[in-house]
1. Using beta carbons and a limit of 8 Å, which pairs, at least six apart or on different chains, have the first residue in region 160-171 and more than 13 Å from V139 (Cα to Cα) and the second one open to solvent by 30 Å² or more (accessible area, probe 1.4 Å) and assigned to a helix (DSSP H, G or I)?
2. Out of the residues in region 253-278 that are in a loop (DSSP other than H, G, I, E, B) and over 17 Å from the mean Cα position of the chain (by Cα), state the one that is farthest from I367 (Cα to Cα).
3. Looking at region 216-229, which of its residues are surrounded by 14 or more Cβ atoms within 10 Å (Cβ to Cβ) and either among the aromatic types (F, W, Y) or assigned to a loop (DSSP other than H, G, I, E, B) (or both)?
4. Identify all residues within region 334-355 that are of a type in the set (G, A, S) and part of a helix (DSSP H, G or I); write none if there are none.
5. Which one of L232, L241 is outside any helix (DSSP H, G or I), hydrophobic (A, V, I, L, M, F, W, C), more than 29 Å from S359 (Cβ to Cβ) and in contact (Cβ under 8 Å) with a residue 40 or more places away in the chain?
6. Can you find even one residue in region 509-524 that is at pLDDT 75 or above and crowded, with 17+ Cβ neighbours inside 10 Å?
7. Going through region 362-393 one residue at a time, which ones are in contact with a helix residue (DSSP H, G or I) (Cβ under 8 Å, 6 or more places away or on another chain), part of a helix (DSSP H, G or I) and open to solvent by 50 Å² or more (accessible area, probe 1.4 Å)?
8. For region 341-361, give me each residue that is over 19 Å from F252 (Cβ atoms) and open to solvent by 20 Å² or more (accessible area, probe 1.4 Å).
Amino acid sequence: MDVHKRDPYVSEKGESGSDIEHNVADSVPYTGVVDEKEYGHVRRGLKARHVQFIALGGIIGTGLFVGTGSALTRAGPLSIFLAYTIVGTVIYSLMLAIGEMATWLPIPGGLTMYAHRYLDSTWGFAMGWNYTLAATITVCAEVAAAISLIEFWTTEQPKAAWVIMIIGVIFLLNIFVVEGYGEAEFAFASIKIITIIGLLFLAVVLFFGGGPNHDRLGFRYWKNPGAMKAYLVPGPRGQFLGFLKSFVNACFAFGGSEVICVAASETANPRKNIPKAVRRTFWRVVVFYVFGVLAIGVLVPYTDKGLNEALEEGRPGAAASPWVAAMVNSGIDGLPHVINAVILSSAWSCGNSFMFAASRNLYGLAITGNAPKIFAKCTKKGIPIYSVTAIFLASFLSFMVVSNNSAKVFDWFLVINTVASLFNWLTLFLATIRFRKAYLSQGILSKDLPFHTPLMPYAAYYGVVMCVFFVIISGFDVFFPSEWSAENFVAAYCGVLLFIIPFIGHKLYTWLWLKEISRMRKPSEIDIFTGKAEVDEYERTHILPEPKNFWEKAWAIVV
């Protein structure tokens, strides 16, 4: 049996037009169906330090700095600690899954291409459009958050001007060279990482009474008012509902973790740098998210008057951040403005990351024949220029903040994007399971993979179960009389439609128009080799130099 069967969604090239010849300059294997000579392709411009900092802090945004405030006041410290920890285990499982696929084949259109190859064309189509739309919505959510943060200082300038400026800067960071995105994320992530470490240190100091008021907090607030707060209904049942609702905030906070897979095809030495990024996800989850929400629960009670009033009144910026509430309660002056500035940089950073992710998925759809070919067009610098421009124009949906409360618009985008992200995670887990069955049936062992973990396939099955669970419970509260409204219902389930409509639409199109039925292939027939030879050649000819002195060795440990 020929295990090197090619996928119909990847291009055929003759001897004189091999992938290696076409990509000798940057060694990106091209596996699309459009003409590479006419449309161009992306290139490897992201360095090791870019990838590592994108993995560590690239998607840390308002979900962690501000979103935790509403989660705390709704459910209490223990509920959010458990929810963020559980979702963290799912994210770590997801990164392990991505690590296996992305290091075997770090190819353009990664997320979409993996769904195409390992599941079927319908899954690829649905995931590609779902991810593109969801990532675009996240850009809008982060712009709305940024406007709210700016309003913390001033409301004199019109919101429309801020929207244009914020989106314009993000566009400029993405339109010229991929290094622009990488350098911006390196700087933004550095700021976020330093800030979170500083806040955790501050939390330890306040825990032991080292603040200006010398009030030793300990776990006081876990006893009074309590570790869990009832939501919607009183008593233990209400506490459980509050715990369930906390998953929505946690999933949004972790959203975008898969961007490292999107960046794999534009990363130098991906089989060296992607595994490092995947392994460091564990520390990102534990230190930044788990310790972060634990610190918040220690420092601020869910009954905190200032925090609750800020959330109820929709006060702008860091006013709704539990970190600011902790500082105000401890008598620390000045730092709220610093925190607001850091959160603003985080919102800008996330907008930058998701514009990159959305444009690359639109590019992936184009090279697989599931979007107009124009979106496959790349500049000589390897930028899919029309894809980036399309996402830029779609991001002007952010103008919703001009006629609505910025915080309210952010909440709408949060709910829609969270559910859509869950379908992306679910698809990646399913693709990983199929990828594993494919390589085992074709004589490849786990130890032959550039990156493998003994937790597979169990982590992938765990991820599938949890993602389905999260989708089911994501909008449960809209059916309670006190929470019901057409607006809330649409926001809660619009994310489901972002995946279901493309999925069903593609099935009907292939069945009624093309007279074909899209089916999953047998594992032995799945194409896991097209593009691999080029990556193998690249890794053989691009060997990273060994660090020679103390400073080079120290930097190598960091990046």
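1. Partner pairs satisfying both residue conditions: A160/F399; A160/V402.
2. If we filter region 253-278 for residues that are in a loop (DSSP other than H, G, I, E, B), which is where we start, we get 255-258, 263, 268-269.
Still in the running and over 17 Å from the mean Cα position of the chain (by Cα): 268-269.
Values: A268: 21, N269: 23 Å.
Checked region 253-278; the qualifying residue farthest from I367 (Cα to Cα) is N269.
3. Within region 216-229, L217, Y221, W222, A227, M228, K229 qualify.
4. Step one: list which residues in region 334-355 are of a type in the set (G, A, S), which gives 334, 341, 345-347, 349, 351, 353.
Answer for region 334-355, where residues must be of a type in the set (G, A, S) and part of a helix (DSSP H, G or I): A341, S345, S346, A347, S349, G351, S353.
5. Details: L241 fails: outside any helix (DSSP H, G or I).
Going through L232, L241 in turn, the sole match is L232.
6. Yes, some residue in region 509-524 is at pLDDT 75 or above and crowded, with 17+ Cβ neighbours inside 10 Å.
7. Looking only at region 362-393, we keep the residues that are in contact with a helix residue (DSSP H, G or I) (Cβ under 8 Å, 6 or more places away or on another chain), and these are 362-368, 370-379, 381-392.
Checking which are part of a helix (DSSP H, G or I) leaves us with 362-367, 373-376, 385-392.
Those that are in contact with a helix residue (DSSP H, G or I) (Cβ under 8 Å, 6 or more places away or on another chain), part of a helix (DSSP H, G or I) and open to solvent by 50 Å² or more (accessible area, probe 1.4 Å): K373, I374, I385, Y386.
8. The one that is over 19 Å from F252 (Cβ atoms) and open to solvent by 20 Å² or more (accessible area, probe 1.4 Å): A341.
The values are calculated or read from the model by the stated rules, or taken from the named source; none is laboratory data. Values in this document were obtained by computation on a predicted structure and should not be read as measured data. Quick reminder, even Gly has a Cβ in these numbers, built from the backbone with ideal geometry, and neighbours come from all protein chains shown. These accessible areas exclude ligands, DNA and RNA; they are computed on the full protein's heavy atoms, side chains included. Shrake-Rupley method; radii C 1.70, N 1.55, O 1.52, S 1.80 Å.
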